[in-house]
Amino acid sequence: MSEHNGTGSRIFPPRNGAPARALSGETAGNGQAAGTPATPKPQATETIARRTGAMVNEIDFPGFVAQLVHGTFDAIVDASIRQMESYSSLVTAVAKTLEQFTEENVSPNQARDWLATRYPGDVQLLLPDGGERIEPQLAPRSDDLEPAWLAEYGIENETLTTELLEEQILPQVRLKVGGERQQLLATMVMLGMNRVVVRDGSITSKVMFRAAAQDAAKVGYAAGTDPKAVANWGERGSLSYEGQSSTMVSTVAVNAQNESNVRADLFGEVKLNFVSETLPLDRMVEPAKAALVQRHSPAMRAQPAAAATAPAPAAPAVAPTPPTEGGA
């Protein structure tokens, strides 16, 4: 006799002590075989402390603060070092002779550009054409030119030619441009180094951990009589048992929810207030190099000349001698 009715449910439950037999293909709703106990899920309130502790260990807050302080200090020191190196380079360049400074800082092409821009009506700049001319070259705009500005370079009553421009005028122009640049740099160096100094500031760091957990469970229970089972129960047995048995149906619904939230906020803030101060030249270089810089500065050369041409103070007038008694 089959142990199942027409609906597929078991009619005869297993005897006391007899293990239930799982039929082929019957598994639990969660994918486990029938009869295998399911592992209970831990509640969120029980695991929130462990998760928070793991996050605290992963976030190295002391290391974050140390990097913030060291990075700020290194940035300030590096900025001061770069300022000193730049000013030292200026002093070294200005202390050189005019020929050395010009050779290192003014190229022939820069001198050609300056000359063509200064005298555009008389001089033109010819660019390389890929043939005989492999580099830029100066040339007069027309033949038989005798401009008056040649006297500035010690050349008079000569016709302007390409050879004259390239061989005699170009070296002088190069020295002239180098001298102007060196004088400008010398004046800037004599003014002193404008240094940026940190007056005060603050470094703030903060970390905030937020943890929240919630467990909620809801159980619903319902019971009732199966009308179909009462009406058809007598079909299996004798008619004398009809109407003497009934089937009760109980339903239990369980809804369990676990919710946990762990969050970490890490903040870092640096505030620095800067001031500007001027460091004079005599406090950073030796007197010999400072004298070289002063020699190349036109502003410093004008001061001794003005002092030399200043008129001498007039001698005090002699007071008249008072007349004596009885004298003429």
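The values are calculated or read from the model by the stated rules, or taken from the named source; none is laboratory data. The shown structure was predicted, so the numbers you read here are calculated from the model rather than taken from an experiment. Cβ: placed from backbone, ideal geometry, glycine included. Neighbour counts: every protein chain shown. To get the accessible areas, we keep the full protein, side chains included, count just its heavy atoms, and leave off ligands, DNA and RNA. Shrake-Rupley method; radii C 1.70, N 1.55, O 1.52, S 1.80 Å.
Per-residue answers, yes or no, for (1) over 30 Å from Ser276 (Cα atoms); (2) at pLDDT 90 or above; (3) out of contact with any His (no Cβ under 9 Å at 6 or more places or on another chain):
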| position | (1), (2), (3) |
| --- | --- |
| Tyr87 | no, no, yes |
| Ile134 | yes, no, yes |
| Glu146 | yes, no, yes |
| Glu166 | yes, yes, yes |
| Met188 | no, no, yes |
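Flag set for Gln83, criterion: under 30 Å from Pro280 (Cβ atoms), touching a residue at least 60 places away in the same chain (Cβ under 8 Å) and not in a loop (DSSP other than H, G, I, E, B). Inside region 128-181, residues that are closer than 23 Å to Glu103 by Cα and among the acidic types (Asp, Glu) make up a count of 6. When Ala186, Ala213 are checked against the criterion of being more than 30 Å from the chain's Cα centre (by Cα) and assigned to a strand (DSSP E or B), Ala213 stands alone in meeting it. When the residues of region 108-126 are filtered to those that are polar (S, T, N, Q) and free of Cβ contacts under 8 Å to residues at least 60 places away in the same chain, the one that is surrounded by the most Cβ atoms within 10 Å (Cβ to Cβ) is Gln124. Flag: Gly53 does not match the condition of being out of contact with any helix residue (DSSP H, G or I) (no Cβ under 6 Å at 6 or more places or on another chain), on the phi > 0 side of the Ramachandran plot and modelled with pLDDT under 90.
Residue-by-condition table, conditions (1) in contact with a strand residue (DSSP E or B) (Cβ under 9 Å, 6 or more places away or on another chain); (2) surrounded by 15 or more Cβ atoms within 10 Å (Cβ to Cβ); (3) more than 30 Å from Phe267 (Cα to Cα):
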| residue | (1), (2), (3) |
| --- | --- |
| Gly71 | yes, no, no |
| Val91 | no, yes, yes |
| Val94 | no, yes, yes |
| Thr102 | no, yes, yes |
| Pro128 | yes, no, yes |
| Glu132 | no, no, yes |
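So is Thr72 part of a helix (DSSP H, G or I), in contact with a Gly (Cβ under 9 Å, 6 or more places away or on another chain) and either hydroxyl-bearing (Ser, Thr, Tyr) or modelled with pLDDT of 80 or more (or both) or not? Here the answer is yes, as Thr72 does meet what is asked. Checking the structure you have, find out if any residue of region 225-232 is open to solvent by less than 80 Å² (accessible area, probe 1.4 Å), over 30 Å from Thr72 (Cα atoms), part of a loop (DSSP other than H, G, I, E, B) and modelled with pLDDT of 65 or more. No - not one qualifying residue is present in region 225-232. For region 250-280, give me each residue that is among the aliphatic types (A, V, I, L, M), at pLDDT below 80 and surrounded by 11 or more Cβ atoms within 10 Å (Cβ to Cβ). Within region 250-280, Ala256, Leu279 meet the criteria.
Here is the figure for region 186-222: residues that are of a type in the set (A, V, I, L, M), within 30 Å of Ala75 (Cα to Cα) and either in contact with a strand residue (DSSP E or B) (Cβ under 9 Å, 6 or more places away or on another chain) or open to solvent by 70 Å² or more (accessible area, probe 1.4 Å) (or both) total 9. Does any residue of region 282-289 turn out to be assigned to a strand (DSSP E or B) and either open to solvent by 60 Å² or more (accessible area, probe 1.4 Å) or within 19 Å of Ala79 (Cβ to Cβ) (or both)? No, region 282-289 has no match at all.
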